[in-house]
Amino acid sequence: MLKINRKKKLDILKIVNPEELYKMKIDETINMGIDFITAEYISKNKSLEEVQNLQKYLKSKNINFLFYNSEFYPQTLKYIEDAPIGLFYMGNINFPNNLLAIVGSRKATSYGKTTAYKMSYELSKYEIGIVSGMARGIDTEAHLGSLDAGGYTIAVLGSGFDNIYPKENIKLLNRIIDNGCVLTEYLPNIKPYGYNFPERNRIISGLSKAVLVVEASINSGSMITVNCALEQGKDVYAIPGDIYKETSRGCNKLIKEGAKLIDSVDDILYEFGIRAENSQYNIELDECEQRILECISEGKITFEQIKNKCKMETSFLLTKLTLLECRGIIKRLYGGNYVLLKS
């Protein structure tokens, strides 16, 4: 039996809405540029009763639905190549401007769980929404950190609302609905099949400005999310981990390949263009230190560039940079660039 793929459905929804499509005759559908076989399939498989029954069911469960061409459909998802045809959701669909995906291992270590929770908690104070998949381990801690900070979090499911997975996170799901949004592209009766999760990962990255991997093995689902992010042109960040633990190998590999190493909330705030409330420093700086900061304030800059601009000896400049970094005013990034943390 013919099955219309997602791309074909998206192409149709870009031309007409579902109601208009339902009322069309085969020849009208063909005139839109749809081939005869697809047009015939659409005509023969129209079921208003089925749609009405689904609408009644969704209403009884307080589940909302958005088609791709709805004005409330998340704009960030419209930019990805394989966007969902529609979204079932519960909660508040009005997302914050800044969204960060936090993903990682289901079998996370205590280090990974603590890091995910603390990162999420602190970032939520700066109105950064946290996106994750509500799985065990890192995902759960990321959601909890945001919720406990009074922030906004989004859970993207790999199943329908009638088959929440894992079941022990139903309480978490209810908290997210009250303080954020839970969404899925799957009909309510769809079970958490294994192939759903790699597919849903494109939504996690698609919604977000960047993806932070806290803990992950090399062949984990988190790495699939990373690949989706890269295909979508999103930034990828990674938390460094114990070189002897399998759950850190993925993150360490990402860092070696160019992902931004994250070891503090400030790193992400800098990348998002957000300054911390305590960013003003009341520290007396000498004339040389002020000159150095003026150079660094222009953006990422290497040691050699600072040296050439400030006309300072190597040993003297190294001492000054070290002092400024110890005082938390600047930071040396992976790769040797210096950035300003406080302004």
Any residue in the stretch 74-94 that's in contact (Cβ under 8 Å) with a residue 40 or more places away in the chain and at positive phi: show its pairings with residues that are acidic (Asp, Glu) and open to solvent by 30 Å² or more (accessible area, probe 1.4 Å) at Cβ separation under 9 Å, as long as the two are six or more apart or on different chains. Gly91/Asp178
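Of all residues in the stretch 143-175, count the ones that are of a type in the set (Val, Ile, Thr) and either more than 21 Å from Ser222 (Cβ to Cβ) or open to solvent by 10 Å² or more (accessible area, probe 1.4 Å) (or both). First the steps, then the outcome.
Step one: list which residues in the stretch 143-175 are of a type in the set (Val, Ile, Thr), which gives 153-154, 156, 164, 170.
Within this subset, residues satisfying the condition of being either more than 21 Å from Ser222 (Cβ to Cβ) or open to solvent by 10 Å² or more (accessible area, probe 1.4 Å) (or both) are 164, 170.
Residues meeting the conditions: 2.
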Just one listed residue, out of Ile37, Ile80, is farther than 27 Å from Asp162 by Cβ and at pLDDT 80 or above, and it is Ile37
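Within the stretch 308-329, restricting attention to residues that are assigned to a helix (DSSP H, G or I) and open to solvent by less than 60 Å² (accessible area, probe 1.4 Å), which residue is nearest to Val265 (Cα to Cα)? Lay out the reasoning, then the answer.
From the stretch 308-329, those assigned to a helix (DSSP H, G or I) are 308-310, 314-326; that's our starting set.
Imposing the further condition that a residue be open to solvent by less than 60 Å² (accessible area, probe 1.4 Å) reduces the set to 310, 314, 317, 320-321, 324.
Working: Cys310: 29, Thr314: 30, Leu317: 27, Lys320: 24, Leu321: 21, Leu324: 18 Å.
If we take residues in the stretch 308-329 being assigned to a helix (DSSP H, G or I) and open to solvent by less than 60 Å² (accessible area, probe 1.4 Å), then Leu324 is nearest to Val265 (Cα to Cα).
Looking at Phe316, Phe272, can you tell me which residue is of a type in the set (Phe, Trp, Tyr) and over 30 Å from Ser110 (Cβ atoms)? Full working, then the answer.
Numbers: Phe272 fails: over 30 Å from Ser110 (Cβ atoms).
Among Phe316, Phe272, only Phe316 is of a type in the set (Phe, Trp, Tyr) and over 30 Å from Ser110 (Cβ atoms).
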Single unsatisfied condition, Ile138 versus (1) open to solvent by 10 Å² or more (accessible area, probe 1.4 Å); (2) touching a helix residue (DSSP H, G or I) at 6+ places or on another chain (Cβ under 9 Å): (1)
Go through the stretch 279-294 and report how many residues are surrounded by 12 or more Cβ atoms within 10 Å (Cβ to Cβ) and at pLDDT 85 or above. 6
How do the pairs read when you match residues in the stretch 14-26 that are within 11 Å of Lys46 (Cβ to Cβ) with residues anywhere that are assigned to a loop (DSSP other than H, G, I, E, B) and at pLDDT 75 or above, using Cβ under 6 Å and keeping only pairs 6 or more apart or on different chains? Tyr22/Lys46
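Among the helices (runs of 4 or more DSSP H) contained in the stretch 1-92, which hold 2 or more residues that are among the small types (Gly, Ala, Ser)? Steps first, answer last, please.
On the way: elements: 6-13, 18-23, 26-31, 36-44, 48-60, 75-78.
Per the criteria, 36-44.
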Condition check: open to solvent by 40 Å² or more (accessible area, probe 1.4 Å), touching a strand residue (DSSP E or B) at 6+ places or on another chain (Cβ under 9 Å) and more than 15 Å from Ser132 (Cα to Cα). Does Asp178 satisfy that? yes
Out of all the residues in the stretch 128-146, which are more than 13 Å from the chain's Cα centre (by Cα) and closer than 25 Å to Leu58 by Cβ? Ala135
Among the residues of the stretch 93-119, write down those that are part of a loop (DSSP other than H, G, I, E, B) and in contact with a Gly (Cβ under 7 Å, 6 or more places away or on another chain). Phe95, Pro96, Ser105, Arg106, Lys107, Ala108
Inspect all residues belonging to the stretch 45-52 and state whether any of them is among the polar types (S, T, N, Q) and within 16 Å of Asn5 (Cα to Cα). yes
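The values are calculated or read from the model by the stated rules, or taken from the named source; none is laboratory data. Owing to the predicted nature of the structure, the values given are computational and were not obtained by experimental measurement. All Cβ positions, even for glycine, are placed from backbone atoms using ideal geometry, and neighbour counts span all protein chains on display. Side chains are part of the model used for accessible areas, which takes the heavy atoms of the whole protein and leaves out ligands, DNA and RNA. Shrake-Rupley method; radii C 1.70, N 1.55, O 1.52, S 1.80 Å.
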